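The values are calculated or read from the model by the stated rules, or taken from the named source; none is laboratory data. Just so it is clear, the model here is predicted, and its values are computed rather than measured. Cβ placement follows ideal geometry from the backbone for every residue including glycine, while neighbour counts extend to all protein chains displayed. To get the accessible areas, we keep the full protein, side chains included, count just its heavy atoms, and leave off ligands, DNA and RNA. Shrake-Rupley method; radii C 1.70, N 1.55, O 1.52, S 1.80 Å.
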Amino acid sequence: MIKIALAQCNPVVGDLEGNLTLCYREAAKAAKAGADLVIFPEMALIGYPPEDLVQRRSFREKSIAAAKKLAKKSADFGVAILIGSLWEDHGELVNAALWMQDGKIIHTLHK
């Protein structure tokens, strides 16, 4: 049996550090509740809708760095994370679902 937690949070558009802190808090709460997996909403790390922010290279780079920080922290929480985020795949900007576990991004899903 797998216990799944749904993170119902309200990220702020463009507030990467604040949203990252929010994700840490929700993942810790899920782990404390005994969840094996916590699922976050679309664009939880960057806020929705990001609109023009995604056109800024510096914002894209910071967004991907934030996703990697969350992935690394997943090892501390002991819970797998599935989160919607901005991602680049072979130079293409995508809206992806990132599976994070044991301190790494295990898989990216996008159309």
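Looking at A27, A5, just one residue is over 16 Å from L98 (Cβ atoms), at pLDDT 95 or above and in contact with a strand residue (DSSP E or B) (Cβ under 7 Å, 6 or more places away or on another chain), and that residue is A5.
Return the residue satisfying two criteria in turn: it lies in the range 32-53 and is at pLDDT 95 or above and crowded, with 20+ Cβ neighbours inside 10 Å, and of such residues it is nearest to A65 (Cα to Cα). Outline the logic, then answer.
Initial filter on the range 32-53 (at pLDDT 95 or above): 32-40.
With crowded, with 20+ Cβ neighbours inside 10 Å added as a condition, the list becomes 35, 38, 40.
Numbers: A35: 25, V38: 20, F40: 18 Å.
If we take residues in the range 32-53 being at pLDDT 95 or above and crowded, with 20+ Cβ neighbours inside 10 Å, then F40 is nearest to A65 (Cα to Cα).
Taking each residue of the range 86-105 that is open to solvent by less than 30 Å² (accessible area, probe 1.4 Å) and looking for partners that are basic (K, R) with beta-carbon atoms closer than 6 Å, six or more apart or interchain, yields G103/K72.
Output the residues belonging to the range 17-31 that are open to solvent by 10 Å² or more (accessible area, probe 1.4 Å) and either under 11 Å from the mean Cα position of the chain (by Cα) or over 12 Å from K3 (Cβ atoms) (or both). Of everything in the range 17-31, those that are open to solvent by 10 Å² or more (accessible area, probe 1.4 Å) and either under 11 Å from the mean Cα position of the chain (by Cα) or over 12 Å from K3 (Cβ atoms) (or both) turn out to be E17, G18, T21, L22, Y24, R25, E26, A28, K29.
Applying the selection to the range 86-111, what residues are under 18 Å from C23 (Cβ atoms) and among the basic types (K, R)? Of everything in the range 86-111, just one residue is under 18 Å from C23 (Cβ atoms) and among the basic types (K, R), namely K104. Residues that are outside any helix (DSSP H, G or I) and in contact with a Leu (Cβ under 7 Å, 6 or more places away or on another chain) were ranked within the range 60-85; the one that is surrounded by the fewest Cβ atoms within 10 Å (Cβ to Cβ) is L82. Residues in the range 1-14 that are open to solvent by less than 60 Å² (accessible area, probe 1.4 Å) and more than 13 Å from the chain's Cα centre (by Cα): A5, G14.
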